[in-house]
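Novice: The structure that follows is given in the form of structure tokens.
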């Protein structure tokens, strides 16, 4: 609930043991809340409470001590996280979101592992006072910082201008869509090996596969055999001046993975994967919103990749409209772009 400069979030987090036979113990669970967009000096106070909600707990936890807990195979438990904070009045408009950084331990036959995860609790006040309604041919649309608590189709519906036409095209970046689907990984959870350290050195320094963690993420998805074979074959073709073979052979994620720093904060410390079922998303969103929808990957070099769209006849128009990267690659918070059809443009001139 919101009370001026005071705010309180309550969220439930599930810890699940997906193994078919192994029991896993959780000896510790920590939460570090981070207010994104403001400085420490602007925070008056911030308090965090953690309450385990174990399904078989006999007594209610009365203090903040985390008692070691056993999660049986194919079972789960829940944790109630409560974050309450107060900030200076001057910082209210600066606050972007609350990032929940979680660190917990797994203990079992495998030894002892430290696990990390995180997610955004959105600040819905960090949105335009009015949804964009101008009629320029290409309209970047600002949103709040998106997260796993946001539904992708609902986001499109909430932010699309009211004066859009069915012939217009609404595009969404592949990384924002993937983030809403939970397709991102904390780099601290990636255990790199000697293969990933070797293979990553063969890529340009700006590539998301030029780090051991980025390469290891791809290996975990596509398998070591496929990635190594693609690296060898790609290297041979590259020697003869033919580039891009590795990305064709290593799987779709090879082109879509964004390493840390590749996405707007607070996801700048996460490895963001490509979205899942993007074609199904486009078809469903187009049907519900009655507008053309496309998932795109655009950069400042003028490269436009259309991952999926409900209408392939729009591909040339989309590439032409997005070549200048109107959404930007920094912290503009404009994951959506509305491309106006000629019909929309002509109607605006008639007014």
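Novice: For segment 161-280, which strands (runs of 3 or more DSSP E) that fit wholly inside it have 3 or more residues that are farther than 30 Å from residue 321 by Cβ and without any contact (Cβ under 8 Å) to a residue 40 or more places away in the chain?
Specialist: In segment 161-280, there are no strands (runs of 3 or more DSSP E) which contain 3 or more residues that are farther than 30 Å from residue 321 by Cβ and without any contact (Cβ under 8 Å) to a residue 40 or more places away in the chain.
Novice: Of all residues in segment 281-310, count the ones that are outside any helix (DSSP H, G or I), touching a strand residue (DSSP E or B) at 6+ places or on another chain (Cβ under 6 Å) and either under 30 Å from residue 188 (Cβ atoms) or touching a residue at least 24 places away in the same chain (Cβ under 8 Å) (or both).
Specialist: Taking segment 281-310 as the starting set, the residues that turn out to be outside any helix (DSSP H, G or I) are 290-310.
Filter again for touching a strand residue (DSSP E or B) at 6+ places or on another chain (Cβ under 6 Å), leaving 291-298, 304-310.
Applying the additional criterion that residues be either under 30 Å from residue 188 (Cβ atoms) or touching a residue at least 24 places away in the same chain (Cβ under 8 Å) (or both) yields 291-298, 305, 307-310.
The total comes to 13.
Novice: Same structure, new question: Would you check if residue 99 is under 23 Å from residue 119 (Cα atoms) and within 25 Å of the chain's Cα centre (by Cα)?
Specialist: Values: under 23 Å from residue 119 (Cα atoms): yes; within 25 Å of the chain's Cα centre (by Cα): yes.
The answer is yes for residue 99.
Novice: So, one more: Quick check on residue 221: is it over 29 Å from residue 145 (Cβ atoms) and not assigned by TED's automatic domain parsing to the domain that holds residue 149?
Specialist: no
Novice: Could you check, for segment 52-71, whether at least one of its residues is in contact (Cβ under 8 Å) with a residue 24 or more places away in the chain and out of contact with any strand residue (DSSP E or B) (no Cβ under 8 Å at 6 or more places or on another chain)?
Specialist: no
The values are calculated or read from the model by the stated rules, or taken from the named source; none is laboratory data. The structure presented is a predicted model; accordingly, all values stated were derived computationally and were not measured. Glycine also receives a Cβ, built like all others from the backbone with ideal geometry; neighbour counts cover every protein chain displayed.
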